[in-house]
1. Whether any residue in region A:22-39 is surrounded by fewer than 18 Cβ atoms within 10 Å (Cβ to Cβ) and at pLDDT below 95 is what I want to check.
2. Give region B:660-716 a look and list any residue that's free of Cβ contacts under 8 Å to residues at least 12 places away in the same chain and more than 12 Å from chain A (Cβ to nearest Cβ), or say none.
3. When only residues in region B:600-639 that are within 14 Å of chain A (Cβ to nearest Cβ) and either acidic (Asp, Glu) or surrounded by 18 or more Cβ atoms within 10 Å (Cβ to Cβ) (or both) count, which is nearest to B:Val734 (Cα to Cα)?
4. Yes or no: B:Asp455 acidic (Asp, Glu) and not in a loop (DSSP other than H, G, I, E, B)?
5. Look at B:Thr26 and say whether it is in a loop (DSSP other than H, G, I, E, B), hydroxyl-bearing (Ser, Thr, Tyr) and without any contact (Cβ under 8 Å) to a residue 12 or more places away in the chain.
6. Search region B:645-659 for residues being in contact with a helix residue (DSSP H, G or I) (Cβ under 9 Å, 6 or more places away or on another chain) and within 8 Å of another protein chain (Cβ to nearest Cβ), and hand back the single one that is surrounded by the fewest Cβ atoms within 10 Å (Cβ to Cβ).
7. Would you check if B:Val427 is under 22 Å from B:Gln524 (Cβ atoms), among the β-branched types (Val, Ile, Thr) and surrounded by fewer than 17 Cβ atoms within 10 Å (Cβ to Cβ)?
8. Say we look at region B:37-61 and pick out the residues that are more than 8 Å from chain A (Cβ to nearest Cβ), touching a Lys or Arg at 6+ places or on another chain (Cβ under 9 Å) and in a loop (DSSP other than H, G, I, E, B); which of these is surrounded by the most Cβ atoms within 10 Å (Cβ to Cβ)?
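The values are calculated or read from the model by the stated rules, or taken from the named source; none is laboratory data. From a predicted model like this one, the values you see are computed outputs, not experimental measurements. Cβ sites come from the backbone with ideal geometry, for glycine too, and all protein chains shown count toward neighbours.
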Amino acid sequence: MSDIRLGMLIDLSRCVGCNACAVACKQENGVPLGKFNTWIESWDVVDGSGRVRRANLPRLCNHCTDAPCVDVCPTGASFHAEDGTVQIDPDKCIGCKYCMAACPYSMRWCDDETGIVGKCTFCHTRTANGMDPACVNTCISSARIFGDLNDPDSEIAKRVAAGGDEVLLAELNLRPHVSYRGLEETQAMEAASAKHKGGNVYEPYEGR
Amino acid sequence: MRALTDTGNALEPDLEECEYVLWMGTFPGSNGKSMQSIAKQVAERLAQGKCKMDVIDPVLGNGNVTPTMEGINWIPIKPATNGAFCSAVVRWMIENDAYAADLLAAPNYAAGMAAGFASFTNASHLVIVDDANPNNRKLMRAADAGLETPPADPEAKTQPTYYVVIDEATGQPALHTASDRALLDWEGEVNGVKVRTGFSLLREPIFERDMDEYAEITGVSRGEIERIAREFTSHGVKSSTRAAGSTCAQTGFDASMGFRTLNTMIGCNQMIGGNVPFGLAPTSTGDGPRYKLGAVKGKPDVSTKNATYISRTARPWQKTDEYAARVAAGEKDPQPKLPWYPAGVASDNQALFSVVNQYPYQAKIMMTWMNNVIQNTPNGLRAAVTERLADPAVVPLHIACDVVVGELAQYADYIVPDTNPFESFGVVAPQGHWHGKGAGVRWQAKVPGTMELPDGRYASFEAFICDVGRACGVPGFGDDAIAGADGSSWALDDVADYFLKAVANLAYAEPVIDDISDEEARMQGLDDLPASWKAAVTAEEWPKVLKALSRGGRFYPVFTRVGKDGRSGYAKEYQSFVYSELRATNKNPYSGTFACGTLGYTPESFANWSPMSEWYSPEEYPFAAANYKPRFRTVTMEANSPIMRDLCAENYLEISLEDAAALGIRDGDRIRATTPAGDVMEAPAMVRAGVAAGTIGIAHGYGHEAYGAQDVDIDGAMTKGNPAIGSGFNIQQVVDPVVAKDGVLYGAADNDGSTPLRNGGMFKIEKA
């Protein structure tokens, strides 16, 4: 392992749910229709003062340090790369889908035509060449910040240290490398609409 | 619409240095020009804690009002009531002395500047209020007052108009140009004519209702209105308001006048941090330093003075030939078949109704380009409209030019293939709340995918009109189409011939830009462009044209946007109308009445100003629509994008939690919204807190019938359509019963702006 540990921080106050990240990702990575490496969940919330606001939660592979998908992979197709990211070697993938079942974030998909599993790579081909992932590059409101978490001088390390260290499913303690700012506050607010994945209903609203 | 409200630069809030912005009917981070840069600027400014914002909108958009962003709120409002909201804020401002009285009392630009501002208003100008006077409702002119005017300037193309004020120092009538400060709230007689100031006329409709009535109309609580009014007026000129979508309503004038009056009342126009000029570009497609692209030798003398738009705009009914002929024939107060809109600009929506009604004249040859006006006109009457469009007796020849066969193009006799944005040229002034000066250049990033013509050109709108223009001998086309500033003449045969000359104009605007270096041209692949491009300009210009292309346009240093003493660096004479003479003097031919010349609130009405609620029961049709810009479609486009369809398959009928509970509707139920004419929208319900009570939120851009959704048979070759392109529904709206009768097809529209009614209207909702 090198000293690099790539990670992403998403400032939820800035995400407007435009889904440009989801489009850029699909174009960069050739993700098949119906599958997404990243998407945004959007829903209405009622804040503490009774005002209604629109929550947007970008989702992607969390690149866990203790990654259940890597643990269950029978062929070594899912593995940790030198930069700390979780990657898939398509030549080794046999399409058993254990990883999909094991991922608590449901961030993996299987290509209907090839049977090979895919997911967010943090745009490995870009980051290996010093560029940001496509979603970060295209984010219109600079909500996504990317970099080396091990470099204390990096913007992401500073921002994580300053309160950007909230993670999804923290109770699982998988030590993910995707963190959020404003996650707990957002999730604590009363939901007041269906949850949408992009613009499609993901979780219907059951009412109050 | 702007002819009704102001003269001068186009303005928008300064998102770099604002302290407060009130958004109405346009949602930061969700829509606007461009939504991307607005989203970023608003997020930055709010995150720095340097400003506050409120967003007044019937629907909570996906935008900057996020759970954890501080300083920004969404306030739901009933559709088509922005005029009432703004009236309430103005009432509060007047009652609390919270307006820029020094500015409102400044009768001319110099006086406004002397008072520390960068604009003036006609609030102090006198308006004739005397039914017996032939100039009733007009602003008083020097002649009405018996005042002498300065001698005319024989050199000037147009002579100034002199209005009349009561000079504060002398208490006497004076030309508006001759007074430094005028009485603001005054009524009396001048030269025996009864007059009132614009400001005094504004008070009348504003004080017609109290704050509680405004709260009832808008659905915004009195406390909230007062909080916003206080905030809006607590930041000097570093506060402003912006409206957009709300103007696509029958009450569009009120909404438009509303936000402009608010800005006028605090004097923020052209002030840094307030409402600043945008879209300022050097001359490129006009008569520039290298090519006279605006001047056309031998151009026929056709203008709005001697010709009539088919859209019935830019001319009052009473000044039409038809009106004169009918009056001469003995008719008293003749009524037109379709309304006329003196303040409207060329409108494709109105043109559509003109074409299908063959009024005011028949469109014997109709050419449409990048146009799908059927899809962006609310749907009521569509079947009848399209039946007439397809009838050769109504439209003998229709030529469409587009990249897709859309709802309108499918009825054309001929379809000319066009280039897409990556295959075409353009020179555009900057948008997106970037307030520098410059222009972006769009040029072919790829070889067009259209057919290659035998001479090596590619099919496009430009190639088509160049050939037709040449063949027909139309001035401005052919061998000597374009005049160089040096007296040379140039042929116009393709798109590059025109736009690269526009780029040359841009490059030679002062100060002239440098040549591109050979090395940079090579690195950017600009040494390998088509020979026809290089031939479109001189050898001297070419390296400068390449330099502009290499930079995506021409942009001046952004610091030039800031001028002296807190003013915009681009400030020039700007007048906002507290009193709109054009609107106030527009006699409605169906009722014989006049509308109010100032901001006020008029309930949604039809073409004769009769309220909709007198035609249809609000109890039976209690809902109004808010037809907003979608995230995953554009107005008529992008349904052909598989990724966009992947992100969002369809749209919804969005209703509030309270309304859903009252109607027994659960999220996801199929429901039906019906207009009084019986037009129906059916879709899944989205039950959400993010929509105002009594409102149906509807994302625009769905529900295509063509655009690739349909099977297309061209000379026996069948191309199968993809029904997924047509998923969802397009908005249905009320039809104007005053006009749409006896075989006349007509939607409903803003009686001033001519904009088709998209927001508002009357609907009932039930389970499907």
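1. no
2. Matches in region B:660-716: B:Ala662, B:Gly678, B:Asp711, B:Asp713, B:Ile714, B:Asp715, B:Gly716.
3. B:Tyr628
4. No.
5. no
6. B:Ala649
7. no
8. B:Pro58
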